[in-house]
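Everything on this sheet refers to the single structure shown next.
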Amino acid sequence: MPRSIVLVRHAERVDYAEKALGRNWMATADEPWDTPITHLGKEQATALGQAIRRHCEEAAIPLPTRALSSPMFRCVQTARAALDGMANPLAIGVEPGLTETMCENWYRSWGVPGADSTWGGHPGMQAGVEVPDDQMHPAAVAPSSGV
């Protein structure tokens with residue numbers, strides 16, 4: 001029986017959509033590192049699932065039998081909406097190895113003063129610029145067991 005792998009990146013995310021409108025979602029987010037998808041993002045993911053179902057039917061291949069996602073909220077939301085769109089009631093397995101690299105650039109995208117989703121930090125807060133702990137988002141300097 002033929003098998004296939006479908007690899008998908010997350011749908012439209014709230015922080016990028018807000019940034020495009022001149023707003024900073026991260027400034028008021030409780031968990032700025034874990035951005036959800038937008039309403040449009042959910043529609044995108046649902047449409048993707050519908051397209052995957054059509055493709056599988058036209059190619060006479062089975063629907064996916066397993067779904068894995070990064071633990072990032074936007075990724076799980078995208079996977080759920082896509083599975084719903086293809087009417088495939090699979091549970092989503094969360095795979096930590098699929099998470100983006102949590103390096104200095106990642107922390108600077110949400111943890112420095114004025115963070116706005118810019119990978120590596122917005123101008124003036126880019127990698128290499130020292131930021132005192134008391135100016136960082138509290139979660140960026142908290143022990144991982146406390147987050």
With 5 Å bins from 0: P(r) over the range 13-147, alpha-carbon pairs, percent: 2, 10, 16, 18, 16, 13, 10, 7, 5, 3, 1, 0
Folded to 0 to 90 degrees: helix 39-59 orientation relative to the chain principal axis, Cα: 30 degrees
Part-to-part distance (alpha-carbon centres) for the range 1-27 and the range 78-146, which is given in Å: 13 Å
Neighbourhood charge, 15 Å Cβ-Cβ cut-off, centred on residue 128 and excluding it, Lys, Arg +1 and Asp, Glu -1: -1
Segment residue 100-residue 20, extension gain: residue separation times 0.36 nm, minus the distance between their alpha carbons: 26.6 nm
Stokes-Einstein diffusion coefficient of the range 91-146, Kirkwood radius over Cα pairs, 37 °C, 0.692 mPa s, in µm²/s: 267 µm²/s
Per-pair calculated FRET efficiency, R0 = 35 Å: residue 54 and residue 139 via Cβ, rounded to 0.05: 0.25
Charge sum, other residues only, whose C-beta stays under 15 Å from residue 20's C-beta, Lys/Arg counted +1 and Asp/Glu -1: -1
Area accessible to solvent at residue 145, 1.4 Å probe radius, in Å²: 110 Å²
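Got a sec? What order do 56, 103 fall in by accessible area at 1.4 Å, biggest, i.e. largest, first?
From most exposed to least exposed: 103, 56.
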Heavy-atom accessible surface of the range 6-147: percent carbon and sulfur, 1.4 Å: 55 percent
Under Karplus coefficients 6.51, -1.76 and 1.60, residue-wise ³J(HN,Hα) of the range 12-25 in Hz, glycine/proline x: 3, 9, 4, 4, 5, 5, 5, 4, 5, 8, x, 10, 10, 4
Residue among 120, 82, 109 farthest towards the positive dipole end of the chain, charges placed on Cβ: 82
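Could you sort 55, 10, 39 by accessible area so the largest value comes first, with the probe set to 1.4 Å? If you can, show how the numbers build up before the last one.
Numbers: 55 110, 10 40, 39 140 Å².
Result of the area sort, largest leading: 39, 55, 10.
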List 84, 134, 116, ordered by accessible area with a 1.4 Å probe, largest first: 134, 84, 116
Solvent exposure of the chain as accessible area per residue, Å², 1.4 Å probe: 62 Å²
Residue-count net charge about residue 90 - beta-carbon cut-off 13 Å; Lys, Arg +1, Asp, Glu -1: +2
Sum of -39500 (n - 2.57) over DSSP H runs of 4+, divided by residues of the chain (222 nm, nearest 500): -10500 deg cm²/dmol
Paired Rg and Dmax values of the range 19-83, which use every Cα atom, in angstrom: 15.1, 48
Residue with peak Gaussian network fluctuation, the chain [Cα springs, cutoff 10 Å], from 96, 71, 32: 96
Cα-based helix-to-principal-axis angle, 73-85 vs the chain, degrees rounded to 10: 20 degrees
The chain, dipole about Cα centre (Lys/Arg Cβ +1, Asp/Glu Cβ -1), debye to the nearest 20: 640 debye
Highest-MSF residue in the chain out of 40, 63, 21 [GNM, Cα springs under 10 Å]: 21
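The values are calculated or read from the model by the stated rules, or taken from the named source; none is laboratory data. These numbers come from a predicted model, not from an experiment. As a convention, Cβ positions derive from the backbone with ideal geometry for all residues, glycine included, and neighbour counts pool all protein chains shown. Accessible surface is based on the protein model in full, side chains and every heavy atom, while ligands, DNA and RNA are left aside. Shrake-Rupley method; radii C 1.70, N 1.55, O 1.52, S 1.80 Å.
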